[in-house]
Every structure is written in C-alpha cells, then in structure tokens.
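Remarks on the structure that follows.
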Amino acid sequence: MYQYDALDRQLVNERVAQFRDQVARWKAGALSDDEFRPLRLQNGLYIQRHAPMFRIAVPYGMLNSAQMRTLASVATQYDRGYGHFTTRHNLQLNWPKIEDVPDILAELAKVDMHAIQTSGNCLRNITTDQFAGVAADEIIDPRPLAEILRQWTTFHPEFAFLPRKFKIAISGTRDDRAVTWFHDIGLHLKEQDGQVGFTVIVGGGLGRTPIRGQVVREFLPWQHILTYCEAILRVYNRYGRRDNAYKARIKILVQALGVDAFAEQVEAEWAHSKDGPATITQAEFDRVAAHFGAPAYQSLSPLDAAFAEKIQHEKSFRNWVDRNTHAHKAPGYVAVTLSLKKHGVPPGDITSGQMLAVADLADRYSFGELRISHEQNIILADVRQADLHDLWQQAKAAGLATPNTGLLTGIICCPGGDFCDLANAKSIPIANAIQARFDDLDYLFDIGEIDLNISGCMNACGHHHVGHIGVLGVDKNDAEFYQVTLGGRQGNDAKLGKVIGPSFAAGEMPDVVDKIIKVYLENRHADERFLDTFDRIGIDPFKNRVYEGRAHGKAKAAEKEAA
Amino acid sequence: MAQLIKNHSPASDSWSVLQLAEGETPETVALPAGDVIFPLAVWLARKAEIVSCHKRIGLLLQPDEPVEAVAGDLEYFIVIAVNFPKFVDGRGYSTAALLRQRYRYEGELRAVGDVLHDQLFYLKRVGFDSYALKEGKDPAVALQSAFATFGDSYQASTDQPQPLFRRRA
Ligand code: SF4
C-alpha cells in the first residue's frame, strides 16, 4: 500500500498542530462555536448526543497492521475500548473528549493516519472496492488513482467550503462494489481502444433525495481526472445551492440544469485546464502505482489438497469458506472477510482486542495489510488457501468468523439513535432483533443471498435505499417507526428500493422481515435469490402478507376515530 | 473597523466601499471622490462616468456575481474586493482563482467580510493578497502562523501553479 514520504508526513503533522491550536483558541473563547464548527468537522469531530464523535479516515479502505494497532490503542486510551466502522471507510469513536482529539490525531499521525475532511462540507474520503488489486473480475486496480485523488482532495484550497459534502467513489471491476452510482462523483475505470480511463458519473446520492447518478462523460483518459474533477467542483462550488442545506448537494444542481447542460458547463470549464499542469504525469502514476504492486505471492496450485479435504469434512468450516472467502487473481489465494456482524453486536463495531487480533492475523496470513469494506467488515486480501483453516479458528476465537457475509444477518447498519444526533430512530436494536430471530445458520443459508440495510434517518448512512430489504427509521409523532423498502440493490444495476407501505413499530420488525422472507421462500423457483424472486413476482405479494389483517390507511383512521 | 493585512503586515486602508442607501440605485447614486470600491452593479451601469472621474478604481464582487461580467474590464481596477458574507460560503475562492488564473488579474485582490484567521492559508493559495480581517480578530495571530499553516500543498493553485507531483524529488 501507499507509503508516506517526508512531505506527506509533514502535511499530516502540520494538520495536527493546526488543529491543536484551533482547539486551544476555541477553549480560550477566541474562536466562537460557529467559527470552530467547520474546522472541527473537517477533522472528523462532531458534538453528539452523549459525547463527541470522532471519525478517522481509512483512505479507500486500506490500512496496515501497525495502523490497526494504533487504532486499537487509541480506542483503549481515549475511548471505551471499541470503535465503529462506517459504510465509507471510516472508523468512528463514540466517546472521546474534545480536548483529547489533538493528542489522538498526533498518535494517528505517527502511523500516517488522520481525520482530514472526514466530515464537513468538503471533499470527503475516497472510497472503493474492498477487493481492489486482488479481485478476479478486476479490469484495472483503482488504488493508485484513488491515492492520487486523495492527495488532490487534501486541503484543496478552492473547495474547502462547498455548498455541501462531496463524496467520490472509484471502481475498477466488472461488478461495481463501490456504490458508484450513488456518489457525488462515481468513477468507473475501463479500457477503451487500448487506453485506460474513466466513465464519469455525477449527481448520484442516497440521503433525503435519493438519485441515481448520470454519466457526464463516457470516457475520460486517466491523465485528466484531476483537471476534470476540478471543473466539476468549480461548477458546483459556484452554482450549487447554498440557500437550503437539503437542496445543496450536487445532485440537485445536476437535476435542475439537466445532465446535458451540466456536462456542457463542465466541459467549457475543463477546456481551460485540460492539459495544464494538473494533468497527471506518467511518472507520478508510476511512482504511486509502485506502492500497490502485488505482494510476493508463492506459486501455488489452484486447489490445496489439505484444504479440499477439510472442506469436505467440516461443515462449519465449509460454511465459513462459502460465505466469507472470495475469488482471488492469484492461484491458491483467496480474500477473506472477517465479519463484524456477529449476532447481538452492533454491526460494524469492533473492540480494541479484536483490532489487535485482526492486526496479528494480517501479519500472519496476509502480508500485514487489511481493508475495510463498505459493508462494514474487515478484509484480509491475500490469504493462502492452505492457511484458511488456521485463520478460521483464530478468527472464530476472536468473534470474527460469523459466516453471514451476504446473508440476511450480515446487516449494514448505521449507529442510529443510540449515538447519532440526527437519528429519527434507533437502528442497532432493530439489527440485533432481526439477528436474534434468524439465529439458525441452516435457515440463513437456505434463505441465501440477501442484503438488509438499516439507517436511523433519511441521511441514509446505512444505505437502506440499496438494500434488498431496506429499513429506515422515521419519526411519527415522536415515536420511533420504521419504513421498509424492497428491491433496492447496489452494483451495476444499482436501484432504489420501493416503499412497501406504512411504517412499523420497532417490535414488529422481526415479524415483518419474517413475513417477507416467507413470501420469498414460498414463491422462489430453484436457484432464485431473493432479488430474482422479487423481480419476478413484484412487491404486491409481499405487501399483502405484511399488512394482512392490519388496518391501515383509511381503515386505521376510522379505527382511531372509533376508539 | 476591519484591520487590513497586506503583504503579510498590517496596513492602513485608503479605500472605502460605496454603499447604496435605501432608495438609491446604481444608475442614480452619487459617485464619491477618493479611493472608492464600487459594487459591480454600479460599475456596470456607470463605467464611462467612473473612468472619467476616477484614476484609482476598486470593484466589489459578491459571491453570486460572476467574474465573467468584468473579464474585459480588469485593467481598470487597482483593487478587487471579494466579499465573504459568511466564511462558510466558499464561492469567493473560485472567484479569486478565476480572476488570477484565467483572467490574469494582477492588481490587489482583497478578501472582505467574514474573514477569519483559519481561512487565510486557503485564501492566500487561491490568489488573495490582502485581507480585511473581521473586526475583533487579532492581526498578530493571523500574521504569526496563519499563512504558513502548511509548508507545501498537493494541488496546483494560484500561489503555486505546479502541483506537488511535478515538483516532487
Ligand atoms: S443515517 Fe441518520 S441516524 Fe444513521 S448515522 Fe446517518 S445521520 Fe445518523
């Protein structure tokens, strides 16, 4: 992975000093709360319901074992011994003291980590596919360009005070795993006529107004990505709405202008900077790409005999391999998901002890490197098949081997009302209640692939819109309710789910999910996944079952009247 | 009074901004003598008149006023003030970048309005060279550290047109 040089390190250290000074001036009253707010947000520091919340960046999801150990020690020393991985390659601490944050940043800086622009109305952390560089279906490794983009976004002087936050995702695979259709800018790496470049998608986003992005340029040679992004950002910075925070994302501007008119403005802007100094040089690409070379793979046979033997005889090992390992470019290697979705634990949460265990596993089995996925799991990207059984046992001992990746209980879930000020409703207890209901592994495997995503409010940090089953916390007369959507999906055919009907009380949610699953099981053809059945039979059978015997709409109003 | 910082030191300010009182319009407002910073609308309405009676001319741009409107006039201005009604309104950064980089404006470029310490580094980068620091903000703090927060920068901008990757050893 990318290694900082003296300059990269200097900038991060200068950032720590800057923030230390800002905190001191704020405490001394020289900076007002309003003046301090964007400064602390651009260092990942929120002031929340119970305590501040602090968000650390894991740029494009990559970190090494030393960094993971630092996260563990920071979580122990300055927090309550755990952290939460979000859907955007960040680690959140829920209980730090504001006064400690400069010290935490200093600790992080020692291992080339930071919290730069993890919040606020600025260019945020770049996200990508957790299997970048190793995926069997990869066309081009996105990481060198992700790093080049990271550097470009870092302290960009013109775009530090945008109308709203700005998120970029980049993907280099046939199957998009980076939700690129729902980012402010989504980039698809591809090859055209022997040239590497991007399809540039703009104006996607989840949140309050979920919109699928639109293509502004079918093909942009990679050298131009910085100048082109600058053109997009400049148009947005100048013309994006600033009168209403809910209408300030670039998606609203793109919708208002129409994608063609927007693209015209971008192209006109770009004409001035195209081929200018910010055009990426081959030398720079090579310098950065050299950090992402393949590790020293052994030449192995595609199938390890002992491994094949164990798979045959140990069902629980087989289950884990089935769900939590993934095809790899190099023969005899796989990528492994260490699940942070153990039943009964807040999805994405990890204790300091687990962080240390994970760091050890990375050192032992995966060249000392780790990834964070947007599904809030940890990935060991380069594991020998022959090591899987040992790895599995150690992961199990650390509570990191729940074989539910891609299954119903591998839920994506935001922190919700337990921690987040913006929440309408709690999300973690809903996830845990559903996990408790579906605690039978055979049943889970029988149900098969299904994404269940939960957000505590329409900000959609839990990506509920693109869950096959999406759950959204809503506020109904001060009570917590949940709206359910079906049929959403990520990937190349990314689509928003459809609302099934009126929302449900928290206690009803396991039953509701149960009924949805039953409809699927009763209707599925052989080999149909949930989504296939849903696409074939539509939403009505689900709707009918879920609301069977329930008064709603007019009938419910009448009932209330009568009561 | 806002304290002006220019060439990295406190400076006195000879300029005043023409404010339109209630009922006055750009077309009818009296043009005062002296070093005056004219709002864009007044400049556009009264250009010939202003040029005939003022040797030193200043222009004020609001965040939503496009620099393109004065792209052909820049030689007239000794100072262009870009207003930041709120420091979180970042449009003025693009205004400055365009003035310097695209239209090659070389006169004084002044940040006015809600100008605080912690934005000075970015303001300098995009091409501002004078700053009317918000009233109550200590110029000493600004001068001590704010312009040197970072020793280098990744991106190309006005103060360093070559991105770091073209300069990296
Ligand atoms: S979706 Fe809402 S409740 Fe959940 S973390 Fe995001 S802002 Fe908070």
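The values are calculated or read from the model by the stated rules, or taken from the named source; none is laboratory data. Predicted model, so just to flag it, every value in this text is computed and none were measured. Note that each Cβ is placed from the backbone with ideal geometry, even for glycine, and that neighbours are counted across all protein chains shown.
Below, the figures for the structure above:
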| quantity | calculated |
| --- | --- |
| In segment A:154-182, the residues that are within 18 Å of A:G203 (Cβ to Cβ) and within 14 Å of chain B (Cβ to nearest Cβ) | A:F159, A:L162, A:P163, A:R164, A:K165, A:F166 |
| Strands (runs of 3 or more DSSP E) wholly inside segment B:5-91 containing at least 1 residues that are exposed (fewer than 14 other Cβ atoms within 10 Å of the Cβ) | B:9-11 |
| Sole residue being buried (at least 17 other Cβ atoms within 10 Å of the Cβ) and over 24 Å from A:Q130 (Cα atoms), chosen from A:R69, A:R55, A:R25 | A:R25 |
| Unique match (being buried (at least 22 other Cβ atoms within 10 Å of the Cβ), outside any loop (DSSP other than H, G, I, E, B) and within 13 Å of the ligand (Cβ to nearest atom)) among A:G470, A:G462 | A:G470 |
| Qualifying residue in segment A:351-373 (condition: part of a helix (DSSP H, G or I), in contact with a helix residue (DSSP H, G or I) (Cβ under 7 Å, 6 or more places away or on another chain) and at pLDDT below 95) | no |
| Residues of segment B:138-169 classified as crowded, with 19+ Cβ neighbours inside 10 Å and more than 7 Å from chain A (Cβ to nearest Cβ), total | 3 |
| Search result, residues across segment A:246-274 that are surrounded by fewer than 16 Cβ atoms within 10 Å (Cβ to Cβ) and either within 21 Å of A:T153 (Cβ to Cβ) or of a type in the set (D, E, K, R) (or both) | A:D260, A:E264, A:E267, A:H272, A:K274 |
| Long-range neighbours under 7 Å by Cβ, at least six apart or interchain, first residue without any contact (Cβ under 8 Å) to a residue 12 or more places away in the chain within segment A:23-43, second among the charged types (D, E, K, R) and in a helix (DSSP H, G or I) | A:L31/A:R25 |
| Criterion: more than 8 Å from every other protein chain (Cβ to nearest Cβ) and either modelled with pLDDT of 95 or more or under 30 Å from A:A289 (Cβ atoms) (or both) - qualifying residue of B:V126, B:V115 | B:V115 |
| Qualifying residues in segment A:418-430 (those that are within 12 Å of the ligand (Cβ to nearest atom) and assigned to a helix (DSSP H, G or I)) - the one surrounded by the most Cβ atoms within 10 Å (Cβ to Cβ) | A:I430 |
| Check on A:A330, closer than 30 Å to B:Q62 by Cβ and touching a residue at least 60 places away in the same chain (Cβ under 8 Å) | no |
| Hits in segment B:92-113 (condition: part of a strand (DSSP E or B) and either of a type outside the set (D, E, K, R) or surrounded by fewer than 19 Cβ atoms within 10 Å (Cβ to Cβ) (or both)) | B:E108, B:L109, B:A111, B:V112, B:G113 |
| Spans of helices (runs of 4 or more DSSP H) in segment A:222-312 with at least 3 residues away from chain B (no Cβ under 14 Å) and of a type in the set (D, E) | A:259-273 |
| Residue ID - nearest to the ligand (Cβ to nearest atom), chosen from residues in segment A:432-446 that are surrounded by 19 or more Cβ atoms within 10 Å (Cβ to Cβ) and hydrophobic (A, V, I, L, M, F, W, C) | A:I434 |
| Segment A:155-198, residues that are of a type in the set (S, T, Y) and touching a Lys or Arg at 6+ places or on another chain (Cβ under 9 Å) | A:S171 |
| Evaluation of B:I5 against (1) touching a strand residue (DSSP E or B) at 6+ places or on another chain (Cβ under 7 Å); (2) without any contact (Cβ under 8 Å) to a residue 40 or more places away in the chain (one fails), failing number | (2) |
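Residue-by-condition table, conditions (1) more than 16 Å from the ligand (Cβ to nearest atom); (2) surrounded by 19 or more Cβ atoms within 10 Å (Cβ to Cβ):
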residue: A:L370; (1), (2): yes, yes
residue: A:Q376; (1), (2): no, yes
residue: A:D387; (1), (2): yes, yes
residue: A:D390; (1), (2): yes, no
residue: A:G399; (1), (2): yes, no
residue: A:T405; (1), (2): yes, yes
residue: A:L408; (1), (2): yes, yes
residue: A:C413; (1), (2): no, yes
residue: A:G416; (1), (2): no, yes
